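Student: Handing you this structure, nothing more for now.
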Amino acid sequence: MILKDKDQATVLGLSTFSQVRIHQPYGGVVPEIASRNHLETINEMIARAISQAKITFGDLDAISVTNRPGLIGALLVGVSAAKALAYALGKPLVPVHHLEGHALSPFLEMDSKTRESIQYPMLIAIVSGGHTNLYVIQHPPEIWSLDVLKKSLVGRSRDDAAGEAFDKIAKLMGFPYPGGAHIDRNAEGGNREAFDFPRALPQKSHYDFSFSGLKTAAALKINELKKAGEFEKRLPDLCASVQEAIISALVSKIELAIKDHGCRTLSIVGGVAANRRLREAFSNRNLILPKKEYCTDNAAMIAMAGAIRFLQGHGVRDEALLSVSALAHPEI
Ligand code: KG4
Ligand code: ZN
């Protein structure tokens, strides 16, 4: 992916290769298959983005890569390719945190009216397949420190992430991986109150989430309905009720954090930000959202984070490139 400049954040070229179909028969991501496939496709993806942007490698100012956190094999492929490219071109490399990319995704191609409407503190909810994290951010991205996310984390999931809960329950319903969007679609026309599923950690004193109890309750209900021969008929009600349990847990903790920290803008990012019910639940708030194509993992958000860090002077060059490594589990 290629970005034009930090104020406009225009996406000139973006190539994405989804491995969803490759992993679907296994019901989840198989790490070894993921890294092999990265290796097979990465050069073509880079070439495609450059040609789409109608530029040459020499026109680049810097190269940005996500080096943490994630599946180590897949990260190593990206980091090695980016290091080789930076070294060969004599350009700086900017390693960025995957979650910082998500946090910045709404700023991609953001219109000036929305940009002007942003007020701080801002609550950022990263709601993806791997994370359900709440951050209270005091400053605009241009002046974020390197450990901004670590310092501003106020809440997180204690077990499954919201997207993971969607996926696991969808799998029990027979939907292919990843199932979040299938539940979203099938919930249409269903009754949200048909089944009373547990709301995760409803206590009023903290902003953490837990979705494992819901998963167990949903599994029991699915089996019960299947035994009674009513599963197909009740599927929209089931999807609407499961979705409501996840979304209402998100809504109550997000609202609590907004109130306690005096947040003036809410930003929801990550794959689950594509969920229609979640978007609707906050439609009365000063809300910023990424475009749908920037909700799920993408290279544009990594370039956006890299551009900001590059302008702050965080590029790595020449021999120092050897010190850049992939990290499966950084602290945040
Ligand atoms: O951000 P993302 O692409 O990957 C991670 O960094 O984890 O998020 C993927 C997650 C999956 O769990 C997927 O089921 C979920 O986002 N997702 C949705 C919807 N679209 C994607 N969940 C609920 N409703 C949706 N419409
Ligand atoms: Zn992600």
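Student: What distance in nm separates the simple spin-label points at His314 and Arg264, each placed 7 Å from Cα in the Cβ direction?
Tutor: Modelled inter-label distance: 2.5 nm.
Student: Hey, what angle do you get for helix 72-89 against the long axis of the chain, alpha-carbon based, 0 to 90 degrees rounded to 10?
Tutor: Tilt of helix 72-89: around 20 degrees.
Student: By DSSP, what percent of the beta bridges with both residues in the chain are antiparallel, rounded to the nearest 5?
Tutor: 50 percent
Student: If each DSSP helix of 4+ residues adds -39,500 (n - 2.57) and the sum is divided by the residues in the chain, what number results at 222 nm, nearest 500 deg cm²/dmol?
Tutor: Here the helix-only value at 222 nm equals -14000 deg cm²/dmol.
Student: Counting other C-beta atoms within 10 Å, which of Ile288, Ile118 has the fewest, and how do the rest follow?
Tutor: The order, fewest Cβ neighbours first, is Ile118, Ile288.
Student: Hey, which of these cross-link pairs are over 31 Å Cα-Cα: Lys4/Lys259; Lys171/Lys291; Lys215/Lys291; Lys54/Lys291; Lys54/Lys83; Lys221/Lys259?
Tutor: Table pairs above 31 Å Cα-Cα are Lys4/Lys259; Lys221/Lys259.
Student: Follow-up. For a quick check, take a GNM of the chain with Cα springs below 10 Å and name the residue from Ala181, Ala249, Ala228 with the largest mean-square fluctuation.
Tutor: Fluctuation is largest for Ala228.
Student: Something else: Can you pull the percent of Cα pairs in the stretch 218-332 with separation above 16 Å?
Tutor: 75 percent
Student: What are the ³J(HN,Hα) values, in whole Hz, obtained from phi via the Karplus relation 6.51 cos²θ - 1.76 cosθ + 1.60 with θ = phi - 60°, for each residue of the stretch 278-286 in sequence order, with x given for Gly and Pro?
Tutor: Running phi through 6.51 cos²θ - 1.76 cosθ + 1.60 with θ = phi - 60° gives 5, 4, 5, 4, 10, 5, 8, 8, 6 Hz.
Student: Going by the alpha-carbon gyration tensor, a ≥ b ≥ c the square roots of its eigenvalues, is the stretch 1-155 rounded (a/c under 1.5) or, if a/c is not under 1.5, prolate (a/b greater than b/c) versus oblate?
Tutor: oblate
Student: Between Ile55 and Arg276, what FRET efficiency comes out of the Förster formula 1/(1 + (r/R0)^6) with R0 = 45 Å and r the beta carbon distance, rounded to 0.05?
Tutor: 0.80
Student: Quick one: what Rg and Dmax do you get for the stretch 1-63 from the alpha carbons, in Å?
Tutor: Expressed in Å, the Cα Rg and Dmax of the stretch 1-63 come to 14.7, 42.
Student: Moving on. Which whole-Hz couplings ³J(HN,Hα) result when phi for each residue of the stretch 321-330 is put into the Karplus expression 6.51 cos²θ - 1.76 cosθ + 1.60, θ = phi - 60°, listed in order with x for Gly and Pro?
Tutor: Listing the rounded values in order: 4, 4, 7, 7, 10, 8, 10, 6, 9, x Hz.
Student: Over the alpha-carbon set of the stretch 89-220, divide Rg by the Kirkwood Rh and report the Rg/Rh ratio to two decimals.
Tutor: 1.04
Student: Sticking with this one: Expressed in whole Å with the largest first, what are the equivalent ellipsoid semi-axes of the chain derived from the C-alpha gyration tensor as the square root of 5 times each eigenvalue?
Tutor: Rounded to whole Å, the semi-axes are 35, 24, 17.
Student: Cα centroids of the stretch 249-268 and the stretch 159-181: how far apart, whole angstrom?
Tutor: Using only Cα atoms to place each centre, the spacing works out to 24 Å.
Student: Provide, as a two-decimal number, the C-alpha radius of gyration of the stretch 181-244 over 2.2 N^0.38 Å, N being how many residues it has.
Tutor: Dividing the Cα Rg of the stretch 181-244 by 2.2 N^0.38 Å gives 1.19.
Student: Running Debye on the stretch 280-332 with equal point scatterers at the Cα sites and no solvent, what base-10 log of I(q)/I(0) appears at q = 0.12, 0.13, 0.22 Å⁻¹?
Tutor: Those come out to -0.50, -0.57, -1.07, one per q.
Coordinate-derived values only; no laboratory data. It should be emphasised that the depicted structure is a prediction, and the values quoted were computed from it without experimental measurement. Quick reminder, even Gly has a Cβ in these numbers, built from the backbone with ideal geometry, and neighbours come from all protein chains shown.
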